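K.L.:
Please read through the structure below; I'll follow up with questions.
Please treat every number below as a calculation from the coordinates, not as lab data. Quantities reported herein were computed from a predicted structural model and do not represent experimental measurements. Cβ atoms come from the backbone with ideal geometry, glycine included; neighbour counts cover every protein chain shown.
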Amino acid sequence: MLIGALLRAPAQAIHRRIIKELNAAGFDELRVPHIAALQFPGPDGVRPGTLAERAGISKQAMNQLLRSLEALGYIVRSDAPDEGRTRIVRFTKRGRAAYAKIHDVLRDIEREWSIELGAGRFAQLKELLARVWESPLIR
């Protein structure tokens, strides 16, 4: 199997799990597409264009997601200080709570994967993925 599929399938499963657990915790308006805006390192204090770049989607698509998150009460967009017309995203209290829940879910997933793969193999997997993350391979 090709590396793209081997990386995509777990990522999609993680996104579905995050949304399922967010919904169960009372954040029931959130859907899988919102993950593009909420993914690590999160949107707080970031410009919409930067978020679009991180997610690999157009600025228009990101702004649509941000409008949705804003209407649902998870974020607000405001003018960036000293940057002219530039906007930045900020979490609301509800947004910070949802983002904290995402971290809890990810910790649970790591624990489960460590058990499934074995602690040593899971550590090796994380180490290899971190090397790829820091390399020019993903730039």
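K.L.:
Two-decimal Rg/Rh of region 46-125 from alpha-carbon positions, Kirkwood Rh?
P.N.:
Computed over Cα atoms, the ratio is 1.15.
K.L.:
Identify all lysines with a Cα-Cα distance to Lys126 below 29 Å; exclude those on the same chain that are fewer than 8 residues away in sequence.
P.N.:
Of all the lysines, those that pass the test against Lys126 - Cα under 29 Å, at least 8 places apart if same chain - are Lys20, Lys101.
K.L.:
To the nearest 20 debye, what charge dipole does the chain have about its Cα centre, counting +1 at the Cβ of each Lys and Arg and -1 at the Cβ of each Asp and Glu?
P.N.:
My answer is approximately 220 debye.
K.L.:
Amide H neighbours of Ile75 under 5 Å, at least 5 residues apart or on other chains, H built in the peptide plane: list them.
P.N.:
Glu70, Thr92
K.L.:
Sticking with this one: Which one of Leu117, Leu30, Leu65 has the biggest mean-square fluctuation once the chain is modelled by GNM with Cα springs under 10 Å?
P.N.:
Leu117
K.L.:
Pairs of Cα atoms under 8 Å, at least six residues apart: use those to get the relative contact order of the chain, whole percent.
P.N.:
The value is 19 percent.
K.L.:
Check each of the GluC sites (Glu not before Pro) in region 55-118 and keep only those in coil by DSSP with at most 11 other C-beta atoms within 10 angstrom; list them in order.
P.N.:
Glu83
K.L.:
Okay, moving on. Highest GNM mean-square fluctuation, the chain, Cα pairs closer than 10 Å: which of His34, His103, His15?
P.N.:
His103
K.L.:
Looking at the chain as a GNM with Cα springs under 10 Å, which of Gly26, Gly84, Gly42 has the largest mean-square fluctuation?
P.N.:
Gly84
K.L.:
How high is the FRET efficiency from Asn23 to Leu128, r the C-beta distance, R0 25 Å, rounded to 0.05?
P.N.:
Plugging the Cβ-Cβ distance into 1/(1 + (r/R0)^6) gives 0.20.
K.L.:
Which percent of the Cα-Cα distances in region 3-138 go past 24 Å?
P.N.:
37 percent
K.L.:
Next question. Using helices alone, what [θ] at 222 nm do you get for the chain, with -39,500 (n - 2.57) per DSSP H run of 4 or more residues, divided over all residues and rounded to the nearest 500?
P.N.:
Helices in the chain give a 222 nm mean residue ellipticity of -20500 deg cm²/dmol.
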